[in-house]
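Peer 1: First, the structure itself, so that you have it in front of you.
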Amino acid sequence: MAGVYRPRHPERTVLYRVLFHYFDQFLAEYESRFEKEYGFLRPIIKNVVERYLDCGNPRCGFARIRCPDCGEERLLMFSCRTRGFCPSCHAKRLEEWGEWVLEDPLLAAHRLQRPQSAPGQD
């Protein structure tokens, strides 16, 4: 059935369940078990995980969308927009980037080129 919104269920994934059940314990034990070897836990890590756990959760916010023609309404859950961690949000950003590359391949190629070393610096 094309065009029908199918809500994703991150709470069914292994990543979500592990973080939901054990991340607080990890935070509580990090300093004594891991800090000496890996350094201090950057605050952004806690922020990213908490945003991922709230991603797509209607209790964390949503927008009501109404079709101006037929009046049908749907709820759109807010996403965490965490690129590189949340599988759903990362996939969306990757798709948008792919579309951008297709629209203007010269600009994309220019931005993706690595700077070449000057002659004699090899």
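Peer 1: Using only alpha carbons, build the gyration tensor for segment 10-112 and give me the equivalent ellipsoid semi-axes, biggest first, whole Å.
Peer 2: They are 33, 24, 10 Å, listed largest first.
Peer 1: Among residues other than F26 whose Cβ falls under 13 Å from its Cβ, what is the net charge (Lys/Arg +1, Asp/Glu -1)?
Peer 2: -3
Peer 1: If you don't mind, another one. Please give the charge dipole size of segment 1-85, origin at the Cα centre, charges +1 on K and R Cβ atoms and -1 on D and E Cβ atoms. Round to the nearest 20 debye.
Peer 2: 240
Peer 1: Starting from the 7 Å offset along Cα-to-Cβ, what nm value, one decimal, do you get for the label separation of L15 and E96?
Peer 2: Each label point lies 7 Å from its Cα, and together they span 1.7 nm.
Computed from the coordinates by the stated procedures, all read-outs in this text should not be read as laboratory data. No experiment lies behind these values; they were computed from the predicted model shown. As a convention, Cβ positions derive from the backbone with ideal geometry for all residues, glycine included, and neighbour counts pool all protein chains shown.
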